[in-house]
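Since every read-out is calculated from the coordinates, none of them should be taken as a lab result. Every value quoted in this text rests on a predicted model; they were computed, and no experiment measured them. Counting neighbours? That spans all protein chains shown, and the Cβs are built from the backbone with ideal geometry, glycine included.
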Ligand code: SF4
Ligand code: SF4
């Protein structure tokens, strides 16, 4: 069909051929990935390089495409819940929330206050977890091995805490329509408080060990500068956007749940480079800790799931869009219902998709080693891009 | 020129020393990892963990599950990994004849009065294909009889996917036997 | 965008953000798409995503835009008919649309004119199926799916509304 419609030649390696024809003898076409360690998953980037400099870059996607949107159409609303933990395995709860929130908005379902607070706490814990993994893995890309061990030590604690309530360690399926599947207990609260107290000195240690380190500075300062115009044209969101000094965060600009009752800052950095994005994420961990501590103070008693919560929802006809702030940016679920038990159309807007689409533009003219640093600083999660 | 170079070297050495200090401190800290399989995590650390599902026995008979064979879990499972088969068997009971005072009444009325024939549901098989399970917990939450729960079997590994097709009834039987044995030993 | 209905805007609707997550909807003609996108670009909107949906009348393409300073999600909606599944690519204005358009091409087979490289993005190149196309018995009317818009349009039910939207999509050709 592709041949017929567009007259494409399908023989051989389609993408490389499409990327060519090699313009001159001086340049080289290089395939980075799909199994390259610095792409964190199966992402392939075709590069045209002149010596060490990149002339053109084109990511090739689809290596772990699972057609999540089709699965949404053939499963009932409640059966789609476990899929959400698998779209972005690092910040699974944000995707849980986006989908559950979309269905709740469609049905006009009220969520009890306690459930909202539980969602805030667990989602922020998950965000910390995601940022910590990014931190370790990014430094691994840059050649520092130890930090990822420290990051995993902290991640283990968060995973233990979340496992207690949600039952899983990575691909959570915890939120339900109208609440959460299980209430939190005293041990959870105590452990979370302990963790908050534990992480603060750790963050200081990370700053001494890594952030102030002269080698890291040389690898991230003035690398991968992204201008405001580029960010807007490509629809970048999340820490990538805030690293260029734009204060856009869904939690503040389009408040959902109880975020408007909590006091926290939106960190930004004005340097626009990889260091800016690095610092924004590190500060976000601190802000998340602040949010968790406040939420633990404020959490009211009550039911953890709304008594009207349907087990098998059949939302009325209509269309909704629900956006939440994930660790990588704005996550959006666009749901269309025709009044039956199956969604008519599910569209997942993943932040990494837009962020990565910027890569050809920013990688142009940089050194190959810096491209790795740029890719890492975008914080990509490939399953989320491929869906 | 020389000054900036010296400063850079000095900064580098300071960075290095700070790093070494932190590394050394952590070097003296105790081991955090668990040496599997020589050690395993403590059971209390598994609270809330979702292993594969298993059947909950009736309180009075540990060999029979609470399941009423409604099939809800099978319907709701997103991965389609539960297979329940049940059959209805009539319970043997003496046949009630309508009360003699009612014998003249029209037929449909007497039917209402006569107690319905009692049937019992027997679960013939309950199979779980754990290969496809996404551990979402929907089946456990939706079971009207409270007949499902998560097991704490976490050390599962095998060379064949067939080993993860569980017969949950058999598993229940094994558990019940183990429990009986334990009780016997206690009473001894 | 001016509040007055432009001649190329077939219909517009304000919706409650609480209920739908949208601030405004615009139904526009395919021919005027670039002109409207240009206007949004000047107003400083960023492109959130492009999505497509198959309905009885054809394919409804939705362009989601949002703003950093004063958020308010805006949906530009264009209907293309089954017989002619082509529309202008907005990638000359928003290069971020390149991938979104390739995705729509993958899933629905919509051809974007003037797209620099309309090749499969997520699906393998040799795949012949369009996975998100629906069989005819599963298709619904646009009117049925967007009940919020019907009120604002004051459009009569079902057929006439469908006809109206259909005309709207053909006006631009
Ligand atoms: S939902 Fe519970 S009672 Fe019904 S078949 Fe499943 S296990 Fe048995
Ligand atoms: S946990 Fe989910 S996937 Fe697993 S058997 Fe139960 S319903 Fe099916």
Most mobile of A:275, A:356, A:367 in a GNM of chain A (Cα contacts under 10 Å): A:367
Cα Rg, Dmax (largest Cα-Cα span) when computed across the stretch A:282-370, Å: 20.0, 58
Helix-only mean residue ellipticity at 222 nm for the protein assembly as shown, each DSSP H run of n ≥ 4 adding -39500 (n - 2.57), per residue, nearest 500: -12000 deg cm²/dmol
Residue B:31-residue A:340 FRET efficiency (beta carbon distance; Förster radius 51 Å; 0.05 resolution): 0.40
Stokes-Einstein D in µm²/s, Kirkwood radius over Cα pairs - the stretch A:112-268 at 4 °C with 1.567 mPa s viscosity: 73 µm²/s
Relative contact order (%) - criterion: Cα under 8 Å, at least six apart; region: the stretch A:174-329: 32 percent
The stretch A:27-167: radius of gyration over Cα atoms, expressed as a fraction of 2.2 N^0.38 Å: 1.34
If the convex hull is drawn through the Cα atoms of the stretch B:1-67, its volume per residue in Å³: 185 Å³
Over the protein assembly as shown: Rg over Rh, Cα atoms, Kirkwood Rh: 1.02
Computed over the stretch A:29-96, Cα set: Rg, Dmax in Å: 16.7, 53
Within a Gaussian network of chain B (alpha carbon springs, distance under 10 Å), most fluctuating of B:166, B:63, B:27: B:27
Relative contact order of chain A, defined on C-alpha pairs under 8 angstrom at six or more residues apart (%): 26 percent
Cα-Cα P(r), the stretch A:231-387, percent of pairs per 5 Å interval: 2, 8, 14, 17, 16, 14, 12, 9, 5, 2, 1, 0
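Please work out the ratio of the alpha-carbon Rg of the stretch A:68-385 to 2.2 N^0.38 Å and round it to two decimals.
With N residues counted in the stretch A:68-385, Rg over 2.2 N^0.38 Å equals 0.98.
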Taking N as its residue count, the alpha carbon Rg of the stretch A:113-173 over 2.2 N^0.38 Å: 1.26
Three-way shape call for the stretch C:80-148 based on the alpha-carbon gyration tensor, with the a/c threshold at 1.5: oblate
